[in-house]
1. Determine the gain in length on full extension of the stretch A:Lys4-A:Glu77; use 0.36 nm per residue of separation and subtract their C-alpha separation, reporting nm with one decimal.
2. Okay, which of segment B:262-284 sit inside 13 Å, backbone N to the point 7 Å along the Cα-Cβ direction of B:Thr251?
3. Quick one: of the DSSP bridges fully inside the protein assembly as shown, what percent are antiparallel, nearest 5?
4. Under a Cβ-Cβ cut-off of 9 Å, what is the net charge of the residues other than B:Ile172 that fall near it, where Lys and Arg count +1 and Asp and Glu count -1?
5. Am I reading the B/A interface right? What is its buried accessible area, both sides, 1.4 Å probe, to the nearest 100 Å²?
6. With a Förster radius of 35 Å, plug the Cβ-Cβ distance of B:Leu290 and B:Asp191 into 1/(1 + (r/R0)^6) and report the FRET value to the nearest 0.05.
7. Among the aspartates and glutamates, which fall within straight-line cross-link reach of B:Lys43, defined as a Cα-Cα distance under 12 Å, with same-chain neighbours fewer than 8 residues apart omitted?
8. Filter the DSSP H helices in chain B by two things, a Kyte-Doolittle mean of at least 0.0 and an axial alpha-carbon span of 20 angstrom or more, and list the hits by number.
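The values are calculated or read from the model by the stated rules, or taken from the named source; none is laboratory data. Keep in mind the model is a prediction, meaning the values are calculated, not measured. We place every Cβ from the backbone using ideal geometry, glycine too, and count neighbours over all the protein chains shown. Only protein heavy atoms, including side chains, enter the accessible area calculation; ligands, DNA and RNA are left aside. Shrake-Rupley method; radii C 1.70, N 1.55, O 1.52, S 1.80 Å.
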Amino acid sequence: MRRKAYWQLTLSQLRIFVRNRQVVFWSLMFPVFFMVMLGSFIGGGGGISLGGLVLDEDQSAVSQQLVKKLQTSEVIEFTSFTGTKGSSREQALEQLKQGDTQLVLVIPRGYGERVGQAKVEAETEVEASQVAQVLYYYDETNRLTYETGRLFVSQVVDEFSKSQLDYKPVVTVQEKGVLSLQLEYIDFLVPGIVAMMIMSNNLNGVAGQIASWRERGILRRMQGTTLKASTFIAAQITARLSLNGLQAVIVLLVGFFVFGTQVNGSWWLLMTFVVLGTLSFMSIGFIIAGLAKTPESAGPIAGFISFPLLFVGGIFFPIKDMPEFLQPIIHTLPIAQLTTALRQVMNVGADLTLLWPQLLYLGLWTVGAFWIASVTFKWE
Amino acid sequence: MENIIEVDGLSKVYDKKTVVNEVRFAVRRGEVFGLLGPNGAGKTTTIEMLEGLRKPDGGRATIAGFDTQKQMDRVKAVIGVQLQSTSMFDLLTVHEMMELYASFYEKSLPVEPLIDEMALREKMNARVKGLSGGQKQRLAIALALVNDPQVLFLDEPTTGLDPQARRVLWDIILKLKERGKTMILSTHYMDEAHVLCDRICLMDQGQIIALDTPQQLVKSLSSESAVEFTLPVELAADSDAIAQFKESWQTLAAVTRVEFRKQTAVLYSNDAQRTLVDLLAWCGQSSVRLSDLSTRTATLEDVFIQMTGRSLRES
């Protein structure tokens, strides 16, 4: 590989990108526009779209008080659940299993009584088995919901029980801990938008550009020189990685300063996933460029692939909102891995001990797609 | 003189159709070698096989002693390529394009003298997008020269250019020729081939039909002049009448051959003056009115027509 050619090609690609004002404008405006649109409309009420069911089996004055308190929350939208008598708990849990709701809170029979007893025995030690309990059911596959829900519920219940027992509320410290995980829709949205940007820039960008260069004989002309294909591809990768990295950082900074998006995890890990996502979608873009016979067909083919992924891949809507039968398929797609990884790093602050499957999966996609691209790629 | 390119039986088949059929020729160092023929004659395919851009289905070729299939890297270092399509980055400037292509080669010429030589100094910092057709072609030639190649391939360099831009490009090619640069030039303009080329290879339907200097090719025609005229539309449409006319034209003084297409007749003649006298007498007898009557010396176009029965522009 000739170093001079590599740098010149990288520089040329960056110049072409920067000089293409419309591309610069729209590829940056598009994600920011989405952030502003969705962030200010949907995010207006605060609170991410966590929904839960509360099943009041006790139906006492005290339990109804707790339900009312839960329902004032902005973080989780609690709906009172009343199923058929006798099996209503099973029905609520079935909904949880189906993914129709994210958590179920059950106030069991006898709750009010126990609270009443506790009030009487206020001064004495209460045995653990005697304490009034609420049951918190959550979806084990969804760590984010679990964390948010658990902290929220225990906070409310804690506060509630303490006020019932005339304890002085000593929740200030705990409340802070809860707040740090209080995620807004914008926190959910920004990682999705970064993933979307990586996907569409690389899929559409690579496919369209390479197909058009091929059509115009640019690739063939370079083939007539002593330039090596590997040098050309290496320069493409370098230029696109730096562009995508920069764009991702800009979007993240806009999110951070304008909307207060949180980045709870490591920036290094975040950038690692940005790079890995870029590589895998760039390879897929090269495959499309190989498939497309004309630059006119490259766009629609890339769109055919990326458009559905916008909706099912967890960019705007959580994957768990997708039809049950689709979910296992969706989870095999690189976009799902990328959105999950970015979200976990930014929202929950997850590290590699949790995210190694995503890293591995995206790595496999990159290697596989690169292999197919190198086999199917045509200079002309 | 030493041969710098040797082509031995190169063939190319697309979808079972033979587009280049066992062509054989040699190019001498320092000459401008023309490939002349209509669109689809196989000129571009022949050139692209030599440039290593297409794989031949048969035969072999060497450039400067290097095999174009086995030693393509060596070949690419000694050739300069200009393609039919513009094949440049619209958003880069002339200077940037030159620097980019210079970086592809181990050894390259300084770019600014080349830019001057191609009369692009004023446009050095202009983007490719804003160049005129002639300027783009000159840049394409400058790019092809950046590695100081031994052989320069020019594939229809003046197609689509206005007459003035064509002239400028001719001057540049003639200047390069003066400096002893070997060039292979394809064209479907016979005047261009005549002005620029030392030798011309006439191609049709994938085959070489003649190869010689322009002068010798024209001499090979049995006649050196042509008398041309046009018939009225309604007469030209009457095929019986035309057949009769052609027979009587053939008997006119000094006429060697008669061609008739659409409305126009060409009488090839060894003595234009005698043919004209006879032709006018015939007009009087048969009361046919001719228009656009003219005489000219025979050209490469006539050579092509004699050999293929078709003109260069119809393919």
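1. Stretched out fully, the A:Lys4 to A:Glu77 stretch lengthens by 20.3 nm.
2. B:282
3. Looking only at bridges with both residues in the protein assembly as shown, the antiparallel portion is about 60 percent.
4. 0
5. Working: alone 15360 and 20050 Å², together 32790 Å².
Adding both sides of the contact gives about 2600 Å².
6. Working: r = 26 Å, r/R0 = 0.74.
The calculated FRET efficiency here is 0.85.
7. B:Asp155, B:Glu156, B:Asp204
8. B:272-286
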